[in-house]
Structure formats: C-alpha cells, structure tokens
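First the structure, in the form of structure tokens, and then the observations on it.
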Amino acid sequence: MDILIRTIWPNTSTQEDISIPQYNSGDQEDNVDLQVKSLIYLFKRLQIDKLSHFNPTHEFTLDHETIQNADKLDIVYNLERFLVKFTDNQHRILIDWYKNRFRAFMILSQLPAKANVHEKLARNFRFQVLRLESTQDEYVKALINSDLYIEHSVSLETKTQLALSAIEEQKQLKPSYKTQFNKTDRSQIILKYLERLSQYVQIDRIYQVSLIQKTKSLQAQTIAEEPETESSASGLYRPRSSRSPTRKPIQLQDTSSPTSTASVSPVRKVHNTNSTSTTGVTNKLQSLSITNALNPTSTQSSPSASNASPISLRSRSTSPVKTIRKKQSMTLLKLDSSLPDKSTGTTIGDTNTTLTKEENDLLYSNAERAVLSRVERELKVLN
C-alpha cells in the first residue's frame, strides 16, 4: 500500500499524510482535511451531480474519462468502503437521496487546515461547517440554510420544524449531565434531519400526483353526468358547459408557502386549502429506526461515450435472495415519475370540482403510508 501511495504522491513524507479514509461518523470521523480531499475525488469519480432521481439497481457508473490512475486512487480513497456507507440507508429508495446524502457528508465539523473548501464542486454542492459547540439555534440555522434537498421547494418553516424535531430526538438520547452535543450527536442530528426531509419531500410529491389523478377522475365523471340540452338556435344537441360559476379550480398545495406549526409530526404535511385542515399526527414516523438508518442509492446519468465499456459497482444490499413483493406502497411510489419537477403550485386545469377535507386527508394519508411502509421494508432488506 505504501508503495502504491508513494507512486501517486511521491512527495509524501509521513504516514499521517497518507491515511486511508474510513468515512466513519461522530467521534471516529476522519481528519477534516482528509475528508475534504476524499469527497472531492469521490464527487468526480461517482459523478454525484449527474445522478438521477432514483436508482432501483443501486449501481454506480464510474468516471474513467477525466480521472487518471482511477483504479489506484480508488484504493487510496477507499471507494469500496465509501460505497458501503453511502448505500446503507433505508431511505435510499426515496427521490434524490444519494445527491443529498453526499451533501450531508459535505457538512464538516470544522474548517480544514489546508484543504480549500470555498470552491463549489458544482452548482448546489458546497462544503459547509456546523461546529460541534454550536448552539441549538445555530444548528437549526445551519440545517435549514444548507443545500439539502435544494432541488425541491420546502418552506423554511417546515425545514425549521423538521430540524427542531431531529434535535429534540437526539436530546432525549443524550445523558442529562451533558450540556453540549458531542460529535456523535452532531452527525446523528444531520442524518435525522436529512431522513425527515427526504420523507417529507417524497410524501408531498406522491400526494400531488394523487391529487392530479383524483381531480382528472372527478372532471371526467362530472362531464359524463352532465345532461344534454337542446340548442334553441340550431335544433342540435350540445353538451352543457361543464364549467360551473359556483365552483373554482383546484390548485396544488404550494410547498414553498409557510405551513402551520400545529402539526406535531416531523414530516406530516399541513394542508391549507379552503376545504381542508391540519390532519392528525402519524405515530408511525416515531417508530422508524433512525439510529440504524443507512444510506441511499441514486442512478447516474448515462456513461460518457467511450470505447471502453462502463464499469458498474453494485452495493452489497442487492442480493437476489432478498426480494420485495409488489405492494400498494411500491405502486404509489412509482406515481412520482409522472409529476413534473416544477409542478408544485400550479393550477390543475379548469376543473369544476372541489375535494372535501376528507378526500384531501385520505390522499395525503395514503401517500404518507406508502412512503413509510416502503422505507420500513427497505430497512428489512438491508438487515
């Protein structure tokens, strides 16, 4: 190993300078300079900024075009170890998990002594610092202003609620005599916030597409039930106008608008329409194992055109022995692909139907149940 490393870095003089990263969290985390150097390499090697929304195969196509000595550097930067950590989380089946799990790795506990962290690796990918000795307010501010799930519109109020929920849960696990968080507390708070945020985003997206489908169904039903009337001018039969002056078009919930603080659940959506109100708290979220949470997978964009065939790595959790039966939660999760990325806040046509509070609550409850059930089953696959 020393010969290999010194071949790549001939000017390296000490063993400390050539430490191999282990990508552990908390008190066992790597030296910050080593973290930065390793993450910069892995970002390019795995082409993190080009990962797709979902990666059902949990495979990564490696970049062999722009990196020299990639096979050797994979050993130096312990790529295999990183992939184990990276893919070992039941939330990996949720939208954009891999991109955001990598962003969580980029939240450092302190500034490095030598490495440069001020240059962005790509758009919306930057190193940030959340110091160990930070106050609760500083923790919240750092989390809600981070790049985590920046691709999706989530209000600051919702992010604040999720951050406070993650902090409060970790407080319950901390001995009362400790006045400050340690490194393990810090890493767990970041992970719990990321998990809650990923659930919130995925639930909301499935709710939105379910709302679209329900609205279209009601539109078609209303048009079919309209009786035909005779035109006094031509004697021909024309369908009566389906638009009713007493009904208004339905608008999708704008997730960027502030949500009510009445919601106790760290993920539960707050509906704010004319016919809906805050739904009940879902106790199921509290039962999810967060301390055992591992990391997601995401797909990568198609390999760059080259003569060499792309090399793919598969995470260890995709054994064919462990399979998942197709259930309603999986079917609902597939609905996400039919929702445009920028659809939140748009008007669903000139519909003449209005959903009741019960109908909205049922749609959201089904979306929530589908996501949480699917996450729980993925945890069983990993275990």
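The values are calculated or read from the model by the stated rules, or taken from the named source; none is laboratory data. Quick caveat: nothing in here was measured; it's all calculated off a predicted structure. Here the Cβ positions follow ideal geometry from the backbone for every residue, glycine too, while neighbour counts run over all protein chains shown.
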* To do: Tell me which of these HIS152 doesn't satisfy, since it passes every other one: (1) closer than 26 Å to ASP27 by Cα; (2) part of a loop (DSSP other than H, G, I, E, B).
  => (1)
* Restricting attention to the stretch 182-197, which residues are crowded, with 22+ Cβ neighbours inside 10 Å and more than 15 Å from ALA142 (Cα to Cα)? -> GLU195, ARG196
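Identify all residues within the stretch 86-104 that are closer than 20 Å to LEU143 by Cβ and not hydrophobic (A, V, I, L, M, F, W, C); write none if there are none. I'd like the intermediate steps shown before the answer.
Initial filter on the stretch 86-104 (closer than 20 Å to LEU143 by Cβ): 89, 91, 94-104.
Correct list: ASN89, HIS91, ASP96, TYR98, LYS99, ASN100, ARG101, ARG103.
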* Among the residues of the stretch 123-137 satisfying the criterion of being over 20 Å from the mean Cα position of the chain (by Cα) and not in a loop (DSSP other than H, G, I, E, B), which is farthest from THR184 (Cα to Cα)? -> ASP137
* To do: Take LYS141 and decide whether it is crowded, with 16+ Cβ neighbours inside 10 Å, among the basic types (Lys, Arg), at pLDDT 95 or above and under 18 Å from ARG103 (Cα atoms).
  => no
* Structure fact -> Picked from the stretch 165-181 (must be within 22 Å of ARG101 (Cβ to Cβ) and more than 18 Å from the chain's Cα centre (by Cα)), the residue surrounded by the fewest Cβ atoms within 10 Å (Cβ to Cβ) is LEU173
* **Residue ID - modelled with the highest pLDDT, chosen from residues in the stretch 337-383 that are hydrophobic (A, V, I, L, M, F, W, C) and either in a loop (DSSP other than H, G, I, E, B) or more than 23 Å from the chain's Cα centre (by Cα) (or both)** => LEU362
